[in-house]
Amino acid sequence: MSETSEIARLREFLTELIPNEDQFQRLYRNFCEQIRKGLGANTNKEASTKCYLTYVQDFPTGNETGKFLALDLGGSNFRVLLISLRSNHDAEQTSKIYQLTEKELLGKGSELFDYIAKCLHEFVCENKLEAENLPLGFTFSFPCVQIGLSKATLVRWTKGFNCADTVGEDVGTMLKVAIARRQGLKIDMVAILNDTTGTLMSCAYKNPECNIGLIVGTGCNACYTERVENCERLDAKYKNKPKIIINVEWGAFGEKGGVDHLHTEYDKIIDKNSLNPGAQIYEKMVAGMYLGELVRLIMLRAVNENLVFAQCKLRKHITDILTKKPNCIETKVLSEIANDKGDDWPLVKEYLKKIFNLNDPDIDDCMKFKYVCDVVAKRAGNMLGVTLSALANKVGEKFTIIGVDGTVYRCHPNFDGYMRETLDQFIEKGIRYDIMLSEDGSGRGAALVAAVVQRENA
Ligand code: GLC
């Protein structure tokens, strides 16, 4: 960006969203402290990152075989999959997406599970699987206390879900009951897992050095493999295997103050206007559900302070839209304009037209809008690099692969680079890492967990 004085003013205005090295260091320290507390038996209560035990302790070899069903619930839609694992790291899958409406997201839990069972039934019939009793892996991407592999008590809803009568219930039983209500549906639910676990497993299927699973989509979370001797809350009977996957649930980081030094007025408004104020503080700074909204709030203030669109004829109209239309800037805008280049800014212009009905915007305003989007995405990517490096250092292997999935990571052309920037800074000397895109962690990962469970129980 060329440094006109106006742009320098905008940059100055955005400083609080551009953390410096000290602030990242503090983030690193605070996060490590929360992980330590999360793992400890006596300190878990006070930790924001609960470090849930997943009971996944066996990892794929790449030679798993068989046919599995998977359910994937955790974002704005829900999927059913049929996965055939063949030996030699080869898998084939068919899947169908079912839309979720507000009725399911905000209704009663039993109705949500009835709807899931109905879709599952349809899928089984469409694929002529009625006669088979297939094992099913259930990817349920919300914070749960697991009691073994196939029981999971929901701790809280996140990401815009808020179904009644579900928190505190075992979602495995809820699913089984809903399946039982549908006559003629034979399914054996063998495992419940988080999407981060699925991502780690689907990457470990291709590469056993994968020790971290990350999702940067609607929500954001990570899991990693921990040595059992470091898991004070794990019952001794699980300690004959060397490792266990820990679901960090790092979206909740910040609830005990770990990110206060980075929490801006915009972040506070996002939190206050959300379905779950005070909860998932870190998630609200880095995940897809919130990044577009952050841009909207920043733009609103920037316009009010005459930093953007100051000379624009539609200034009042733009302010109105920014004020009255929450979510008018979708997170995909950040990804799509990230590669747009001056002098003409065709993509930025396209979005300014779509959002504000603005024809032929000033070139400086295009540049500034894109800059705000980049600052928000970069802050998210950089923060994630810091907490990822803490996990990689904790894993302590000379080489660790981070398996990743989620729309923000997949679609934003610079997000990988933003994460690497701080990963490179914070990862300990002697530890190397790489980032690997997961091939459908929530689907294939669920099948893999089901497969390793069957192998161990055989
Ligand atoms: C939210 C959920 C978490 C999930 C993440 C990514 O943070 O609480 O369980 O892994 O979103 O989907």
**Study point:** Cα-centred dipole magnitude for the chain, charges only on beta-carbon of K, R (+1) and D, E (-1), debye, nearest 20
**Key:** 760 debye
Study note, to complete from the structure: So the FRET efficiency between Leu275 and Thr65, C-beta based with R0 = 51 Å and rounded to 0.05, is 0.75
**Study point:** Sorted by Cβ density within 10 Å, fewest first, the residues Ile147, Ile329, Ile281, Ile435
**Key:** Ile147, Ile435, Ile281, Ile329
Check your understanding: Along the principal axes of its C-alpha atoms, what lengths does the chain span, in descending order and rounded to whole Å?
Key -> 71, 49, 40
Practice item. Note the angle between two axes, namely the Cα long axis of helix 363-395 and the longest principal axis of the Cα atoms of the chain, as a number of degrees from 0 to 90, rounded to the nearest 10. Key: 40 degrees
Check your understanding: Relative to the first principal axis of the alpha-carbon coordinates of the chain, what is the inclination of helix 109-126, with its axis defined by its Cα atoms, in degrees from 0 to 90 and to the nearest 10?
Key -> 70 degrees
Exercise for review: Between Tyr238 and Thr15, take the C-beta separation as r, use R0 = 56 Å, and let me know the FRET efficiency to the nearest 0.05.
Suggested key: 0.70
**Study point:** For region 397-437, the Rg and Dmax computed from alpha carbons only, in angstrom
**Key:** 10.9, 31
**Study point:** Ranking of Leu105, Leu112 by count of other Cβ atoms within 10 Å, fewest first
**Key:** Leu105, Leu112
Check your understanding: Counting DSSP beta bridges with both partners in the chain, what percentage is antiparallel, nearest 5?
Key -> 60 percent
Point to revise | Taking the C-alpha atoms of region 1-87, convex hull volume expressed per residue in Å³ | key: 260 Å³
Point to revise | Antiparallel DSSP beta bridges within region 30-182, as percent of all bridges there, nearest 5 | key: 80 percent
Point to revise | 0 to 90° range, to nearest 10: angle between helix 195-206 axis and the chain longest Cα axis | key: 70 degrees
Practice item. At a Cα cut-off below 13 Å, give the aspartates and glutamates reachable from Lys103, other chains included and same-chain residues fewer than 8 away excluded. Key: Glu111, Asp114
**Study point:** Label-to-label distance, nm, for residues given as Glu169 and Asn327 (7 Å Cα→Cβ offset)
**Key:** 2.4 nm
Practice item. Give the residue from Gly278, Asn42, Leu214 lying farthest towards the positive end of the charge dipole for the chain; charges sit on Cβ (+1 for Lys and Arg, -1 for Asp and Glu) and the dipole is referred to the Cα centre. Key: Asn42
Practice item. Please give the net charge around Lys37, taking every other residue with its beta carbon less than 10 angstrom from that of Lys37, where Lys and Arg add +1 and Asp and Glu add -1. Key: +2
Exercise for review: Hey, could you get me the Stokes-Einstein D for region 253-389, Kirkwood radius over alpha-carbon pairs, 20 °C and 1.002 mPa s, rounded to whole µm² s⁻¹?
Suggested key: 138 µm²/s
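Throughout, read-outs are computed from the coordinates displayed, never taken from laboratory work. These figures come from a predicted structure and were not determined experimentally. A quick note on method: Cβ atoms are made from the backbone with ideal geometry, for glycine too, and the neighbour counts reach across all protein chains shown.
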